[in-house]
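Below is one structure, written out as structure tokens; the observations come after it.
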Amino acid sequence: MAYIELKGATLDLPIYDVQGRSLKKTVLRMGRRNTIAEGTDGVVVVRAINNVDLRLEKGDRIGLIGRNGAGKSTLLRMMAGIYSPTHGSVLSSGKIVPLLDISLGMDENSTGMQNIRLRGLLLGMSDTEIRAKQQSIAEFSELGDYLDLPLRTYSSGMRVRLAFAVSTAVDAEILLLDEVMGVGDASFMHKAQDRLADLHSRAEIVVLAMHSNSEIRKVCNKALWMERGNVRAFGPVEEVVSQYEAQD
Amino acid sequence: MFSLAFNDLKESVASWRLWTLLGWLEVRQRYARSRVGPFWLTISTGVLIGSIGMVYGTLFGQKLSDYLPYLAISLVMWGTFSQTIIEGSTAYINSTAYIRQAATPKLIFMLQVVWRNLVILAHNFLIVLLLLAIFGVKSWETLPVFIPALILYMINALWIAMVAGLLSARFRDLPQIIAAIMQIAFYVTPIIFRPTALNRFSLIVRLNPLAHLIELVRAPLIGEWPTPITWAVAIGMAVFGWIFALALTGRYLKRIPYWV
């Protein structure tokens, strides 16, 4: 049974400037009593997620809403296990597949086919799984013979198609999506929506960060409103989204 | 702490398909679009060995038939060791795109570096084989010892790379410092000169653990047995180094995504 549980999860993101990044400066600072002359130690800590308690169960389709910088992407990264919380805990069971920034993590000089394998392995697919799905991924991307050309010759739309095709081929129990719409041209867009809908129906839990409220109303049954790292509201989608819209 | 690092290591080794692929990509990428491909490595190392061999062989008054194989083995093996460490120090930094994408085990990026350098070693080793063929193998009996010696050698390179990579992710001026240290290490380690040549400052050789490490992989190929002290130093370094590296990795593994 897939679930994600956050218990008092807090995440402090350290942001280093050039001073904080330097071993030399750090060592020199050790011997010094007077810290005023040096100013800050070059590390600013930002509380990106503050004391979040949540439990997502099977069947949940959660829409993440909130302004830019509210902590939506960071929350998704934390659920995916990329960032571990500084306080509290994140527990989960089930295979998690994050689709965060779908154009990253590809190799420029490899062909499309080789990138399918690379990205598949990165997302935790097995070798046999990749082989079995290679054909359908290639077909879905509609890239045809271009798949034998290196990625550096691709247009940005083609890259996104390929990345999207591979990422959505993974069998996920928990799917974390961050603003993945806006892919390619109009006809591909339509296909991508169908594919996502299909993914949604297969996955047990879906968390979706998006700025389109109408889309969230359509596909989600719950909404989570983040504000400055805090949970502002969590509940049935209609209720929370209307509150959010009223506030805006 | 240890269990965290151990788990990561176990999962990393299990996803060998991923790091062997990433390692290959890098080698191919550097020499893509050229006809001889990675054999450029072989050619450039060959030229380096040839020219250093002529100059220093004459300077040191050595017989070229002895000195050239000695130099080739030393340079090729040292190159593998120092490149593993230098590239290891930037391994996490350069893999930012992957680390922030998915929760993969982290040590795959270190194994990738080791794998890549083993591939490069295989290319460079052709020169060693060529020179051994020309000047003859000194002793066939010691040759098989090279295999366990090489494994132990790379195990040592790996833990140093793990430590270097982890600290470099936090302190960005460290890779330059490490590259500078490796440069100095190259000069004080008997690579282009013989260990016995430093009679007045023989302490530099005896107290330098790297001298023992390079001796370990070189001796079997030039027909000598590595001494028990050499084995002891290499094994001791590997054991204590790994304990240290795993403890450090276990402690800071979770911080890596924040740092890169």
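The values are calculated or read from the model by the stated rules, or taken from the named source; none is laboratory data. The structure displayed is predicted, hence computed values, not measured ones. Neighbour counts are summed over all protein chains in view; Cβ atoms, including those assigned to glycine, are modelled from backbone coordinates with ideal geometry.
Within the range A:148-157, identify whether any single residue is at pLDDT 85 or above, under 13 Å from the mean Cα position of the chain (by Cα) and in a loop (DSSP other than H, G, I, E, B), and answer yes or no. Spell out how you get there, then give the answer.
The initial filter retains those residues of the range A:148-157 that are at pLDDT 85 or above, namely A:148-154.
Going one step further and asking which of them are under 13 Å from the mean Cα position of the chain (by Cα), we end up with none.
There is no residue in the range A:148-157 that is at pLDDT 85 or above, under 13 Å from the mean Cα position of the chain (by Cα) and in a loop (DSSP other than H, G, I, E, B).
Look at (1) surrounded by 15 or more Cβ atoms within 10 Å (Cβ to Cβ); (2) in a strand (DSSP E or B) and you find that residue A:200 fails only one, number (2).
So is residue A:166 in a helix (DSSP H, G or I), touching a Ser or Thr at 6+ places or on another chain (Cβ under 9 Å) and either modelled with pLDDT of 85 or more or among the basic types (Lys, Arg) (or both) or not?
yes
Yes or no: the range B:122-142 includes at least one residue that is in a loop (DSSP other than H, G, I, E, B), within 14 Å of another protein chain (Cβ to nearest Cβ), over 20 Å from residue B:28 (Cβ atoms) and without any contact (Cβ under 8 Å) to a residue 40 or more places away in the chain. No: zero hits. Residues in the range B:191-214: is at least one surrounded by fewer than 18 Cβ atoms within 10 Å (Cβ to Cβ), under 28 Å from residue B:108 (Cβ atoms) and free of Cβ contacts under 8 Å to residues at least 40 places away in the same chain? Yes: the range B:191-214 contains one or more residues that are surrounded by fewer than 18 Cβ atoms within 10 Å (Cβ to Cβ), under 28 Å from residue B:108 (Cβ atoms) and free of Cβ contacts under 8 Å to residues at least 40 places away in the same chain.
Could you go through the range B:93-102 and let me know if any residue there is within 28 Å of residue B:134 (Cβ to Cβ) and either modelled with pLDDT of 85 or more or of a type in the set (A, V, I, L, M, F, W, C) (or both). Looking through the range B:93-102, none of the residues is within 28 Å of residue B:134 (Cβ to Cβ) and either modelled with pLDDT of 85 or more or of a type in the set (A, V, I, L, M, F, W, C) (or both). In the set (1) in contact with a Leu (Cβ under 6 Å, 6 or more places away or on another chain); (2) surrounded by fewer than 13 Cβ atoms within 10 Å (Cβ to Cβ), residue B:35 fails one condition alone, (1).
Just wondering, is there one or more residues in the range B:224-239 that are hydroxyl-bearing (Ser, Thr, Tyr) and either within 14 Å of chain A (Cβ to nearest Cβ) or over 19 Å from the mean Cα position of the chain (by Cα) (or both)?
Checking the range B:224-239: at least one residue is hydroxyl-bearing (Ser, Thr, Tyr) and either within 14 Å of chain A (Cβ to nearest Cβ) or over 19 Å from the mean Cα position of the chain (by Cα) (or both).
Where helices (runs of 4 or more DSSP H) fall wholly inside the range B:1-119, the ranges with 1 or more residues that are more than 25 Å from residue B:217 (Cβ to Cβ) and within 14 Å of another protein chain (Cβ to nearest Cβ) are B:2-14, B:16-30, B:91-94, B:96-99. Looking at residue B:172, is it of a type in the set (Lys, Arg), out of contact with any Pro (no Cβ under 7 Å at 6 or more places or on another chain), over 20 Å from residue B:79 (Cα atoms) and crowded, with 17+ Cβ neighbours inside 10 Å? So residue B:172 passes the test.
Can you tell me which residue in the range B:160-174 is nearest to the other protein chains (Cβ to nearest Cβ), limited to those that are within 16 Å of the chain's Cα centre (by Cα) and of a type outside the set (Val, Ile, Thr)? Only one residue tops the list, namely B:164.
If you go through the range A:90-147 and keep only what is surrounded by 16 or more Cβ atoms within 10 Å (Cβ to Cβ), among the hydroxyl-bearing types (Ser, Thr, Tyr) and closer than 29 Å to residue A:55 by Cα, you end up with just A:92. Which condition number in (1) exposed (fewer than 13 other Cβ atoms within 10 Å of the Cβ); (2) hydroxyl-bearing (Ser, Thr, Tyr); (3) within 14 Å of another protein chain (Cβ to nearest Cβ) is the one that residue A:214 fails? Looking at each condition in turn, residue A:214 falls short on (3).
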